[in-house]
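Read through the structure below, which is laid out as structure tokens, and then see the notes.
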């Protein structure tokens, strides 16, 4: 849901508060779900007798519990899912986004492209993530097929392009608001994870199937 540049901005802010082991792996994990071209990288499931959808955070925490606590790649991946859940709530419920009119999804993605340079400059982001040599051996690959090199080629364009024009829906101000909001939510989630407290219940942010 959120753009990869927004995910990177949130992750950079988190890294200033969290004693990470490997920032490269944390950043890679924070954008990795969007690099999948097949599979169920966001762990979407149907609940409430098929009337609602959500991301199966419980399953991810259960399946990768030790990895989340020990490896920043898995923590970053998990936090991406958390951020996307809050982003969906942010744009649909707080700002009443309507994706149904023809072309609105494409217009939203164009908004992302228009504000990329603003976010990159404001949060001093750099395109320095390195792909681990042994990435193909990561257990995360069972969630989907990640076209990671193609994804990184596209992300390079995010840093290079300087597009101009008016946004349709998602503004710079909304980006700043969400980045600050998601950062606080992620810090809470990290604290809960590492202190064995109750974590985000995916049912609380489930949405109606359309």
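The values are calculated or read from the model by the stated rules, or taken from the named source; none is laboratory data. Keep in mind the model is a prediction, meaning the values are calculated, not measured. So basically every Cβ, Gly included, is an ideal-geometry build from the backbone, and we count neighbours across all protein chains shown.
Considering (1) in contact with a helix residue (DSSP H, G or I) (Cβ under 9 Å, 6 or more places away or on another chain); (2) modelled with pLDDT of 95 or more; (3) farther than 19 Å from residue 196 by Cα, the lone condition that residue 48 does not fulfil carries the number (2).
Within the stretch 153-176, which residues are in contact (Cβ under 8 Å) with a residue 60 or more places away in the chain and under 21 Å from residue 76 (Cα atoms)? Answer for the stretch 153-176, where residues must be in contact (Cβ under 8 Å) with a residue 60 or more places away in the chain and under 21 Å from residue 76 (Cα atoms): 155, 158, 175.
Taking the listed residues 26, 13, 32, 69, the one that is surrounded by 20 or more Cβ atoms within 10 Å (Cβ to Cβ) and out of contact with any strand residue (DSSP E or B) (no Cβ under 9 Å at 6 or more places or on another chain) is 26, with no other qualifying. Would you pick out the residues in the stretch 149-168 that are surrounded by 16 or more Cβ atoms within 10 Å (Cβ to Cβ) and assigned to a loop (DSSP other than H, G, I, E, B)? Within the stretch 149-168, just 167 meets the criteria. If you go through the stretch 9-56 and pick out every residue that is in a loop (DSSP other than H, G, I, E, B), farther than 17 Å from residue 204 by Cβ and in contact (Cβ under 8 Å) with a residue 60 or more places away in the chain, you end up with 5. Looking at the stretch 182-210, which of its residues are outside any loop (DSSP other than H, G, I, E, B) and touching a helix residue (DSSP H, G or I) at 6+ places or on another chain (Cβ under 7 Å)? Result: 182, 183, 185, 186, 187, 189, 193, 194, 202, 205, 207. Within the stretch 181-210, can you find the residues that are closer than 16 Å to residue 7 by Cα and either free of Cβ contacts under 8 Å to residues at least 40 places away in the same chain or exposed (fewer than 11 other Cβ atoms within 10 Å of the Cβ) (or both)? Within the stretch 181-210, 184 is the sole residue that qualifies.
Name every residue in the stretch 103-140 that is free of Cβ contacts under 8 Å to residues at least 40 places away in the same chain, farther than 30 Å from residue 66 by Cα and not in a helix (DSSP H, G or I), in order of residue number. Answer for the stretch 103-140, where residues must be free of Cβ contacts under 8 Å to residues at least 40 places away in the same chain, farther than 30 Å from residue 66 by Cα and not in a helix (DSSP H, G or I): just 103. Restricting attention to the stretch 146-164, the residues that are touching a strand residue (DSSP E or B) at 6+ places or on another chain (Cβ under 6 Å) and closer than 22 Å to residue 68 by Cβ total 1. Take residue 84 and tell me if it is within 23 Å of residue 148 (Cβ to Cβ), touching a strand residue (DSSP E or B) at 6+ places or on another chain (Cβ under 9 Å) and in a helix (DSSP H, G or I). In short, yes.
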